[in-house]
Amino acid sequence: QVHVGESGGGLVQAGGSLRLSCAASGSIFSINNMGWYRQAPGKQRELVAVIWSAGDTDYTDSVKGRFTISRDNAKNTVYLQMNSLKPEDTAVYYCTVVASRYYRESLKGYWGQGTQVTVSS
């Protein structure tokens, strides 16, 4: 089983910063990519940022230039540094890990429980 755990959410004023962390643990053979999604009340879950094993990254347009995703492969950990936060960034942020548990297993996606980020105006 692969366990995904997030931390680092909280309440911050507009213009402030937060850093989210997510660690994958358990039976892991290899990780393909790690990413962050978010879901605001009444809205669909959306991809915020993703980072692949080689270090390539991609961001949704609304966070480009403000958020930075990074990963520590040795620790199976991904981070999301969020700067210049806006009230519209308020959401539950979910970490996702796409990994295989053993050699030749097809890649599967695993989700964390989510962490609340609230940005006050």
query: What list of whole percents do you get for P(r) of region 43-121, with Cα-Cα distances grouped in 5 Å bins up to the one holding the largest distance?
result: 3, 12, 22, 26, 18, 10, 5, 2, 1, 0
- prompt: Around Glu88, with a cut-off of 13 angstrom between Cβ atoms, what is the net charge of the other residues, counting Lys and Arg +1 and Asp and Glu -1?
  reply: +1
- request: Determine ³J(HN,Hα), in whole Hz, for all residues of region 100-114 in sequence, where each value follows from phi through the Karplus function 6.51 cos²θ - 1.76 cosθ + 1.60 and θ = phi - 60°; x replaces Gly and Pro.
  value: 10, 8, 7, 4, 6, 6, 5, 5, 10, x, 10, 10, x, 7, x
task: Please figure out what share of the DSSP beta bridges in the chain is antiparallel and state it in percent, rounded to the nearest 5.
output: 90
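Read-outs: derived from the displayed coordinates by stated rules, not from any lab. Values in this document were obtained by computation on a predicted structure and should not be read as measured data. Cβ: placed from backbone, ideal geometry, glycine included. Neighbour counts: every protein chain shown.
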